[in-house]
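The values are calculated or read from the model by the stated rules, or taken from the named source; none is laboratory data. These numbers were taken from a predicted model, which means no experiment stands behind them. Glycine also receives a Cβ, built like all others from the backbone with ideal geometry; neighbour counts cover every protein chain displayed. The area values use the complete protein model at the heavy-atom level, side chains included, leaving out ligands, DNA and RNA. Shrake-Rupley method; radii C 1.70, N 1.55, O 1.52, S 1.80 Å.
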Amino acid sequence: MQTHGGSSEQPRGTIMAATAAVRILRSIPVSRQASESLRATVPAGNLKSFAREYRRLLEGPARRLQKLQQNDSAALWSADDAALSARERSLAAGLRQYWQSVSTGRQKTRHRRDLEKLLAGWAGSFRQPPRSWEALAVAELLLLQGEIPEPATFAACVAVLARLKSATAESVGLAVNGPLQTTMASAYQSETAFIVALVLSPLGESEALLENASAGLQQMLQDGTDEAGRPHGSLLPVLSGFLSIMARSAAWGTAFRQSFGPPEQDARLAGLVAAATMLAVPPQPVTETDVPAGSLSVVSPLLLLTDAIRPTHSGKLQKILRKSQRPLKKLRAIKPWKAPAADKSQASEESVAGEQLQPAWQSDTACCAVLRSSLDHDADVLCVDWHAGQVQLQAYTGGVLLFSGTWHWSARTNDAPVAGPIAWKCSCWFDDPECVFIELEGEQSGDLKCVRQIMLARRERFAIFTDTVSTPADQARVQLTTALPFTEGVTEAHDSVTRELQLTRGAATVRALPLWLEDDRVQHPLGSCAVHDGQLEMTAPGLGGAAIPLALDWNPRRSDAPADWARLTVTENRRRCGAQEAAGFRVRVGGFQVLLYRSLMAGKNSRAVLGLHTWDETVYTRIPGRETPMEGLVEVESPE
């Protein structure tokens with residue numbers, strides 16, 4: 001019998017493993033532009049050397065991205081927004097458990113093993129290119145936690161991501177059901193292509209994918225914002241997802257030192273950060289469904305975006321955002337505003353003009369405006385969007401969401417319904433240290449003129465919402481109906497003496513005062529104001545015109561102060577003006593008193609109301625006392 005000192009044959013399992021390794025590595029498109037050390041691992045089928053060399057090449061970007069994101073997964077921000085498949089939902093669940101263990105330090109070893117098994121199964125289940133969200137999540141994990149997968153799993157994941165180099169847009173995108181979903185799906189495609197191109201950069205020949213992805217991101221930013229970076233009104237329902245895409249793309253671009261746009265795009269992105277930060281509010285009260293309806297969850301992506309691009313006033317922006325992460329325990333009273341002394345007024349105006357970070361903004365191009373009282377985290381925020389045929393509103397009183405949804409409008413003339421405005425335009429915008437004001441005018445084919453106004457007194461926790469309609473026919477019977485939509489969890493209580501309505505949600509209690517109705521419940525009202533089907537419905541009749549001014553007061557200093565109001569007589573040349581010509585109202589809560597005057601039809605002479613003589617179309621003014629003159633809040637001149 002012949003004996004051998006050794007055998008040149010390898011076990012069958014070893015040969016199959018080596019063959020599989022070579023097959024995996026050869027499926028990865030390693031170009032000639034790749035480093036020699038990485039290309040050398042492919043013919044040898046050395047998975048361990050391939051994974052180690054790949055991670056070494058990405059070490060710098062991984063360190064920089066880790067510094068920006070810290071122990072957080074930015075991909076998981078969009079896990080609830082995207083239309084995930086069953087495979088993606090399983091991946092998202094495993095990633096949540098792992099990233100939670102990273103932040104808490106609990107059961108980290110077990111979750112690492114589970115995640116390795118999940119990734120191995122994920123990488124071996126593909127016959128087509130992966131979808132957007134899963135490609136994004138795996139790319140993030142490979143860069144930040146590339147040591148978790150086994151070398152074979154790591155290489156298999158890289159091979160799956162490499163299929164996106166030649167994938168069509170349809171195979172990369174998400175399931176969509178409408179215009180907003182289509183916009184977000186296109187955005188996800190561009191973002192995924194950009195991030196995958198960066199994570200595949202060690203393989204070489206990723207320039208084409210990177211260029212196309214950058215062009216898509218630039219187009220998305222240009223279409224979704226105006227020239228100053230303020231977001232379009234149509235994006236507000238998906239603003240959190242939009243910001244998440246921009247934040248991740250900017251963070252990865254910073255980590256790889258690869259911007260996705262020219263310098264002018266950086267300025268627009270910085271404007272987006274500043275404008276969206278003014279929508280940041282504290283966490284909202286928990287509702288029965290535990291869903292913060294209407295809430296704009298923008299804080300986390302904005303913090304990442306601010307760290308990535310470092311815009312002007314980044315310190316102030318981050319301070320607002322971090323404070324907005326704290327729950328609101330009670331409504332804080334604000335020190336009343338006082339006019340500066342005469343010798344200091346000019347210096348005050350110059351300092352305000354030189355301050356570029358403004359809490360309120362408005363854009364005709366974006367069809368959107370944000371009326372924010374201050375840069376404090378518990379500021380009052382009113383977001384108005386008129387890009388479509390209806391006005392959308394979100395109102396935060398002291399940081400607590402009260403109204404959210406469509407600000408409904410309807411009218412009737414001589415008992416016949418009138419078609420609503422086909423569009424709205426901003427006809428007046430006013431912003432100063434004491435108040436913010438916006439006026440929207442409806443565009444329609446009929447003779448009925450409809451105007452909406454919001455005046456927010458910044459230091460008083462006080463606002464007035466005004467709706468007016470008028471028609472040239474002074475004897476036409478007009479009935480105006482509007483409705484403000486409540487968010488979930490608002491409760492109401494009626495005053496026993498007046499027609500005041502108290503609205504409560506969380507830490508905020510808002511006193512709603514219907515100024516067009518008699519304040520005394522004993523008097524017969526002309527119109528109505530009542531809560532119905534989750535809305536505050538208001539109606540007002542009139543001859544030739546009608547006005548619905550609703551005053552809202554949520555100042556803690558005046559929570560127990562008595563409130564009264566009255567409709568005022570408006571005269572012109574000793575003649576009483578009709579409802580189609582003008583309307584005047586006065587409201588007093590404790591020592592705070594405001595006069596409202598609205599001209600619905602231009603007069604030939606100046607008009608008088610409560611001692612005020614004016615040619616203006618609109619006047620909101622404080623009435624401080626008997627011996628002091630009125631202090632104007634807003635004055636809108638009549639058109640020529």
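Axis angle, to the nearest 10 degrees, between helix 239-255 and the longest C-alpha principal axis of the chain: 40 degrees. Between Gly399, Ala159, Gly578, the Cα set farthest toward the positive side of the dipole of the chain (charges on each charged residue's Cβ, about the Cα centre) is that of Ala159. About its Cα centre, segment 230-335 has a charge dipole of approximately 620 debye under the convention of +1 per Lys or Arg Cβ and -1 per Asp or Glu Cβ, with nothing else charged. When only Cα pairs below 8 angstrom with a gap of at least 6 residues are kept, the chain shows a relative contact order of 8 percent. Across the options Val30, Gly45, Leu65, the greatest Cα extent toward the positive end of the charge dipole of segment 18-113 (unit charges at beta carbon of Lys, Arg, Asp, Glu) belongs to Gly45. Counting only DSSP H runs of at least 4 residues, each contributing -39500 (n - 2.57), and dividing by the residue count of the chain, the helix-based mean residue ellipticity at 222 nm comes to -10500 deg cm²/dmol. With a cut-off of 13 Å between beta carbons, the residues surrounding Arg268 carry a summed charge of -4, where Lys and Arg count +1 and Asp and Glu -1.
In degrees, nearest 10, range 0 to 90: what is the angle between the Cα axis of helix 12-26 and the longest Cα principal axis of the chain? So the inclination is approximately 50 degrees. In a DSSP loop and with at most 10 other Cβ atoms within 10 Å, the trypsin sites (Lys or Arg not before Pro) in segment 531-622 are Arg574, Lys604. Mind listing which trypsin sites (Lys or Arg not before Pro) in segment 191-277 are in a DSSP loop and have 16 or fewer other Cβ atoms within 10 Å? In loop regions of segment 191-277 (DSSP not H, G, I, E or B), the sparsely surrounded trypsin sites (Lys or Arg not before Pro) are Arg257.
A DSSP coil position with no more than 12 other Cβ atoms inside 10 Å describes the following trypsin sites (Lys or Arg not before Pro) in segment 97-170: Arg106, Arg127.
Across the accessible surface of the chain, with the other protein chains kept in place and a 1.4 Å probe, carbon and sulfur atoms take up 49 percent. With all protein chains kept in place, the per residue accessible area of the chain amounts to 46 square angstrom at a probe of 1.4 angstrom. Using only side-chain charges placed at the Cβ, +1 for Lys and Arg and -1 for Asp and Glu, the dipole size of segment 101-143 relative to its Cα centre rounds to 220 debye. Applying 1/(1 + (r/R0)^6) with R0 = 25 Å to the Cβ-Cβ distance of Arg412 and Arg576, what FRET efficiency is obtained, to the nearest 0.05? So, using R0 = 25 Å, E works out to roughly 0.50. The value of relative contact order for segment 14-141, using C-alpha pairs under 8 Å at least six residues apart, is 20 percent. Charges were assigned to the Cβ only: +1 to each Lys and Arg, -1 to each Asp and Glu. The resulting dipole of the chain about its Cα centre is roughly 2520 debye.
Taking θ as phi - 60° and the Karplus parameters 6.51, -1.76 and 1.60, the scalar couplings of segment 55-65 work out to 5, 5, 5, 9, 4, x, x, 5, 5, 5, 5 Hz in sequence order, x denoting glycine and proline.
Positive end of the dipole of the chain (Cβ unit charges, origin at the Cα centre): among Ala411, Gln318, Met184, the Cα lying farthest that way belongs to Gln318. Against the chain, whose longest principal axis is taken from its Cα atoms, helix 263-277 shows a tilt of about 60°.
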